[in-house]
Every structure is written in C-alpha cells, then in structure tokens.
1. Which residues, counting only those in region 49-81, are open to solvent by less than 40 Å² (accessible area, probe 1.4 Å) and either under 13 Å from the mean Cα position of the chain (by Cα) or among the aliphatic types (A, V, I, L, M) (or both)?
2. Please verify whether region 102-112 includes one or more residues that are closer than 14 Å to Gly44 by Cα and part of a helix (DSSP H, G or I).
3. Considering only residues that are open to solvent by 100 Å² or more (accessible area, probe 1.4 Å), within 26 Å of Leu41 (Cβ to Cβ) and either in contact with a helix residue (DSSP H, G or I) (Cβ under 8 Å, 6 or more places away or on another chain) or part of a loop (DSSP other than H, G, I, E, B) (or both), which ones fall in region 113-151?
4. Residues in region 90-104: is at least one touching a Pro at 6+ places or on another chain (Cβ under 8 Å), β-branched (Val, Ile, Thr) and at negative phi?
5. If you go through region 90-112 one residue at a time, how many are more than 23 Å from Ala31 (Cβ to Cβ) and surrounded by 14 or more Cβ atoms within 10 Å (Cβ to Cβ)?
6. How many residues, within region 12-48, are of a type in the set (A, V, I, L, M, F, W, C), more than 21 Å from Arg122 (Cα to Cα) and open to solvent by less than 40 Å² (accessible area, probe 1.4 Å)?
7. Do we find a residue being among the polar types (S, T, N, Q) and in contact with a Gly (Cβ under 7 Å, 6 or more places away or on another chain) anywhere in region 102-116?
Amino acid sequence: MTIDPDSAFTDPLDAMLGFHLRRTAAAVTGALGEALAPLGLNPGEATLLRLIGANPGCSQSDIARALRAQPANLVPLINKLALSGLLEKGAGKGRAIPLTLTAEGLALHGQVCAAFDAHEARIGRAIPIEQRRDVIALLRQICLDACCGPD
C-alpha cells in the first residue's frame, strides 16, 4: 500500500511522547552501536566496561541497580567480557563478586569513554548546553514514573 503524498494522512503517533522516546532511543542506540563497532563491542558491553571502569570492585548487583536491570540479565554480558579477558571476577563473599577491569579492559575502557564522549557530543548538539541538565532531569523523571510511578 502506498500513501498519496497529497492526501491528508493522519499520524496519531506524532503527538505521543512515548512514540518519540522509543524512536529516539532506537536512533541513539543504533548510532552508539555504529560508533562502538570498530572496538568490537555492542552498547551493552561498552556500558558495562564504562561502569566497571568507573567503579572498580563493584558487583553485578551494583551494576543492575544503576541500570535498573535484573542482575541475572547481566550474566551473559559479564561472562563474555570475562572470557574476552577484559574483566576479572574477584573472590567475593557469597554472591557479591567484585568486578574489575584487566589491563586490556582498562585500555579498551579509554577507547570506550572516547567513543561515548564523541557520541554524546553528536547527539547533544541540537540541545543548548544550558538546557541539557533540564532535559536529562525530565528524562530521568519519565523513566522513574514509567517504572515506579502511580498508575
């Protein structure tokens, strides 16, 4: 089916905040994936490297809280990074296993940070610097309301 460009096509999605958030998230994640591809990482793996690099000795539970994710969902990513020689699982107490980057992981962490910084500059260029904190605060609030807010 083709749409006649001269017709009065109605897009009920265009006024929906959720639609634009999903569309934006997909575009931003796709662009980040492209930026990270030369490093051999996907956005999830790179996010873990960034978090562990900033928080040596953190646990899987710490990361899950930061990402609002289920700890079990992180297991495949953490195992992949460990098998790749990028992170070490230390001796922990119970299930709280400290995670740290290896020398190779730290070197890649620097490249990941540079890729994230370039990506942030690219996607943020349309938002005046003085409004970025407000935009981030609004997005945080939407996220909190969506997962934890009143019905």
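1. Matches in region 49-81: Leu49, Ile52, Ile63, Ala64, Ala69, Leu74, Ile78, Leu81.
2. yes
3. Arg122, Arg125
4. Yes, the conditions are met somewhere in region 90-104.
5. Number satisfying all stated conditions: 8.
6. 1
7. There is at least one residue in region 102-116 that is among the polar types (S, T, N, Q) and in contact with a Gly (Cβ under 7 Å, 6 or more places away or on another chain).
The values are calculated or read from the model by the stated rules, or taken from the named source; none is laboratory data. Bear in mind that the values here come from a model prediction, so they are computed numbers and not experimental data. In this analysis, Cβ positions are derived from the backbone assuming ideal geometry, glycine residues included, and neighbour counts consider all displayed protein chains. In case anyone asks, the SASA skips ligands and DNA or RNA and just uses the protein heavy atoms, side chains included. Shrake-Rupley method; radii C 1.70, N 1.55, O 1.52, S 1.80 Å.
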